[in-house]
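If you scroll down you'll find the structure; I have some questions about it.
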Amino acid sequence: MEYREICEMTALQLGQAIREKKTTSTEAVSAVLAAIEEKEPQTHAYITICREEAFAKASEVDAALAAGDEGLLASPLAGVPIAIKDNICTKDIKTSCASKILGDFAPFYDATVIEKLEKAGAVMIGKTNMDEFAMGSTTETSAYGPTLNPWDAGRVPGGSSGGSAAAVGARAAVCALGSDTGGSIRQPAAYCGVTGFKPTYGTVSRYGLIAYASSLDQIGPIAKDVKDCAALMDIISGHDEMDGTSLPQEMQPAGYLNAMNGKITGMRIGIPKEAVEKGLEPDVKKAILDMGRTLQNLGAEVEEISLPFLDYVIPTYYIIAAAEASSNLSRFDGVRYGFRAEGYEDLTEMYSKTRSQGFGEEVKKRILLGTFVLSSGYYDAYYKKALQVKAIIKQEFDKIFSRFDAILLPAAPSTAPKLGESLADSLKMYLSDIFTVSVNIAGLPGLSVPSGFDREGMPVGTQIIGPALGDVNVLNIGYAFQQATDWHKASPSACAAAAEKEVR
Ligand code: GLN
């Protein structure tokens with residue numbers, strides 16, 4: 001098969017083609033590597049490419065499938081290449097969090113999600129670029145340089161999982177994993193025209209995810225469509241005794257992909273009026289309202305609602321996230337991981353030089369902010385207050401979800417900003433997280449699906465958000481929407497080809 005043909009397939013289509021012997025996992029790996037070679041100079045989505053490891057795993061899977069391995073034959077994504085965000089630990093493979101301070105650190109164990117993917121026969125193709133320690137909304141704070149948006153190299157891909165989203169958007173990855181602490185899966189998915197899912201807190205193990213803000217972090221899929229996200233959720237979710245916040249198995253959804261039936265008749269969906277009024281770009285506003293109408297035509301009951309707490313979510317999030325980050329990042333001190341500064345007289349100087357040189361500006365800003373809000377005298381005024389507001393936000397969501405199955409929110413107030421714009425105005429960047437962070441604060445599932453284009457041809461994404469453990473419903477609403485629309489099928493290369501045809 002031609003490599004572009006393989007790279008345009010969804011993960012489920014490719015898995016099926018491999019099982020039906022129309023292609024092999026080895027051919028799929030070659031195809032994705034060819035696409036990476038073609039696209040990387042423009043997008044820079046990867047930090048590490050796992051060429052040898054991927055070929056080794058692919059031939060293992062091909063051999064097992066040929067020998068009739070029942071487990072793999074029943075595994076929908078066996079043989080399918082996947083890209084992994086570089087804050088997820090991979091045994092003996094560099095895991096950098098896009099930070100200088102980790103140097104060439106290679107973990108001695110795999111994250112639980114990696115073990116699960118491995119067992120399902122998925123093939124890791126590489127580690128993707130991100131904002132340093134997942135702090136940012138643009139993938140510009142990476143110590144390895146920014147990732148560029150596959151739709152327009154003058155713009156950011158979003159962040160912090162910008163590498164994963166750009167790789168899938170550029171068709172230089174079939175599917176990917178990201179992590180989402182305050183929007184880092186959903187917002188880059190929206191900016192890059194792909195589908196991203198942040199699951200309910202506790203459904204996917206965080207064991208081996210290098211922590212940013214542990215009470216908010218969650219790993220999730222970034223893919224070409226909702227069905228691929230559901231298939232990945234079947235693999236990566238489930239109770240894990242290695243993660244103290246992992247939900248018991250009996251509480252977890254029974255299965256994701258099999259539950260996708262596209263039936264949403266009678267589902268109650270709310271569109272918050274504040275969200276539509278709040279300084280949205282007109283094309284983003286149009287996308288969410290159009291999506292509401294599409295879902296209504298599909299049988300859902302769509303109503304205007306109110307999210308009165310929207311003004312409080314940014315300060316609450318940035319206080320809690322920074323506080324947890326300041327504690328989580330204290331382990332990076334030059335003793336155990338990667339980088340250590342040179343020329344110090346004593347231990348204290350080694351710590352301070354290593355941390356000053358090893359962390360980037362944004363990370364240092366967050367550590368300082370976090371240390372400040374946790375310090376005596378300020379703890380009650382900031383950190384404790386933020387936790388109180390968090391409790392109120394949760395209660396407000398509970399009230400909404402006693403009447404509604406899901407709500408819609410934009411993924412971000414605008415489409416992808418130009419490179420450099422957000423670094424110049426970090427407050428504006430923080431404020432652009434307004435529609436994503438409350439989902440993490442309340443531990444809810446949130447899905448971003450492509451829902452249109454702006455007048456400059458940049459993709460728009462809209463979120464579907466549900467109550468905790470309403471993941472299957474949320475995905476199913478997204479699936480119904482994708483059955484009725486084609487936004488998720490657009491790719492930069494497909495659009496360029498169509499435009500060329502039109503010109504001719
Ligand atoms: N932009 C948010 C932040 O900088 C969210 C990042 C994330 O979800 N990892 O904290």
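The values are calculated or read from the model by the stated rules, or taken from the named source; none is laboratory data. As the structure is a prediction and not an experimental result, all values here were calculated from the model. As a convention, Cβ positions derive from the backbone with ideal geometry for all residues, glycine included, and neighbour counts pool all protein chains shown.
Being outside any helix (DSSP H, G or I), more than 15 Å from the ligand (Cβ to nearest atom) and at positive phi is the requirement here; does residue 443 meet it?
No, not satisfied.
Kindly indicate whether residue 414 is within 30 Å of residue 365 (Cα to Cα), within 16 Å of the ligand (Cβ to nearest atom), part of a loop (DSSP other than H, G, I, E, B) and at pLDDT 95 or above. Can you show your working first?
Details: within 30 Å of residue 365 (Cα to Cα): yes; within 16 Å of the ligand (Cβ to nearest atom): yes; part of a loop (DSSP other than H, G, I, E, B): yes; at pLDDT 95 or above: yes.
So residue 414 passes the test.
Here is a follow-up. From (1) within 16 Å of the ligand (Cβ to nearest atom); (2) at pLDDT 95 or above, pick out the condition that doesn't hold for residue 449.
(1)
Restricting to the stretch 393-407, count the residues that are loosely packed, with under 14 Cβ neighbours inside 10 Å and either aliphatic (A, V, I, L, M) or within 14 Å of residue 270 (Cα to Cα) (or both).
Here the count works out to 4.
Now for a separate question. Scan 214, 179, 160 and give me the residue that is on the phi < 0 side of the Ramachandran plot, hydroxyl-bearing (Ser, Thr, Tyr), surrounded by fewer than 24 Cβ atoms within 10 Å (Cβ to Cβ) and out of contact with any Cys (no Cβ under 7 Å at 6 or more places or on another chain). Lay out the reasoning, then the answer.
Working: 179 fails: surrounded by fewer than 24 Cβ atoms within 10 Å (Cβ to Cβ); 160 fails: surrounded by fewer than 24 Cβ atoms within 10 Å (Cβ to Cβ).
Step by step, each of 214, 179, 160 is checked, and only 214 is on the phi < 0 side of the Ramachandran plot, hydroxyl-bearing (Ser, Thr, Tyr), surrounded by fewer than 24 Cβ atoms within 10 Å (Cβ to Cβ) and out of contact with any Cys (no Cβ under 7 Å at 6 or more places or on another chain).
If you take just the helices (runs of 4 or more DSSP H) that sit entirely in the stretch 168-286, which of them hold at least 2 residues that are within 16 Å of the ligand (Cβ to nearest atom)?
Hits in the stretch 168-286: 186-191.
Count, please, the residues in the stretch 284-318 that happen to be crowded, with 17+ Cβ neighbours inside 10 Å and among the charged types (D, E, K, R).
1
Within the stretch 86-113, how many residues turn out to be over 15 Å from residue 124 (Cα atoms), within 18 Å of the chain's Cα centre (by Cα) and not aliphatic (A, V, I, L, M)?
2
Give me the residue from the stretch 46-70 that is under 21 Å from residue 106 (Cβ atoms) and of a type in the set (Gly, Ala, Ser) and, out of that set, nearest to the chain's Cα centre (by Cα).
Among them, the one singled out is 54.
Here is a follow-up. Do we find that residue 134 is over 20 Å from residue 456 (Cβ atoms) and surrounded by fewer than 24 Cβ atoms within 10 Å (Cβ to Cβ) in this structure?
So residue 134 does not fit the description; no.
Every residue in the stretch 82-102 that is more than 16 Å from the ligand (Cβ to nearest atom), under 27 Å from residue 334 (Cα atoms), in contact with a Lys or Arg (Cβ under 8 Å, 6 or more places away or on another chain) and of a type outside the set (Ser, Thr, Tyr), please.
Result: 93, 94, 101.
Among the numbered conditions (1) among the hydrophobic types (A, V, I, L, M, F, W, C); (2) over 23 Å from residue 138 (Cα atoms); (3) surrounded by fewer than 18 Cβ atoms within 10 Å (Cβ to Cβ), tell me where residue 49 comes up short.
(2)
Every residue, every condition in (1) exposed (fewer than 14 other Cβ atoms within 10 Å of the Cβ); (2) at pLDDT below 95; (3) under 25 Å from the mean Cα position of the chain (by Cα), yes or no:
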| site | (1), (2), (3) |
| --- | --- |
| 329 | no, no, yes |
| 347 | yes, no, no |
| 350 | no, no, no |
| 356 | yes, no, no |
| 367 | no, no, yes |
| 370 | no, no, yes |
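Pairs please, first residue from the stretch 294-305 and closer than 10 Å to residue 407 by Cα, second anywhere and charged (D, E, K, R) and loosely packed, with under 14 Cβ neighbours inside 10 Å, Cβ atoms under 6 Å, 6+ apart in sequence or on different chains.
So the pair list comes out as 304/273.
Another question, if that's okay. Which one of 390, 399 is of a type in the set (Lys, Arg), touching a residue at least 24 places away in the same chain (Cβ under 8 Å) and in a helix (DSSP H, G or I)? Reasoning before the result, please.
On the way: 399 fails: touching a residue at least 24 places away in the same chain (Cβ under 8 Å).
Sole residue among the options that is of a type in the set (Lys, Arg), touching a residue at least 24 places away in the same chain (Cβ under 8 Å) and in a helix (DSSP H, G or I): 390.
Surrounded by 20 or more Cβ atoms within 10 Å (Cβ to Cβ), in a helix (DSSP H, G or I) and more than 25 Å from the chain's Cα centre (by Cα): does that describe residue 29?
No, not satisfied.
Residues of the stretch 121-137 being aliphatic (A, V, I, L, M) and within 16 Å of the ligand (Cβ to nearest atom), which ones?
Of everything in the stretch 121-137, those that are aliphatic (A, V, I, L, M) and within 16 Å of the ligand (Cβ to nearest atom) turn out to be 130, 134, 135.
What pairs come up if the first residue lies in the stretch 75-93 and is within 20 Å of residue 130 (Cα to Cα), the second is modelled with pLDDT under 95 and of a type in the set (Lys, Arg), and their beta carbons are under 6 Å apart, counting only those six or more places apart or on different chains?
Correct list of pairs: empty, since none qualify.
Of the residues that sit in the stretch 138-167 and are assigned to a loop (DSSP other than H, G, I, E, B) and hydrophobic (A, V, I, L, M, F, W, C), which one is nearest to the ligand (Cβ to nearest atom)?
156
Do you know which residues across the stretch 55-103 are among the basic types (Lys, Arg), touching a Gly at 6+ places or on another chain (Cβ under 7 Å) and surrounded by fewer than 22 Cβ atoms within 10 Å (Cβ to Cβ)?
Selection gives 100 alone.
Which pairs do you get when a residue that is under 14 Å from residue 134 (Cβ atoms) and among the small types (Gly, Ala, Ser), found in the stretch 355-367, comes within reach of a residue that is within 14 Å of the ligand (Cβ to nearest atom) and assigned to a helix (DSSP H, G or I), reach meaning Cβ atoms under 8 angstrom, with the pair 6+ apart or on two chains?
Hits for this filter: 360/132.
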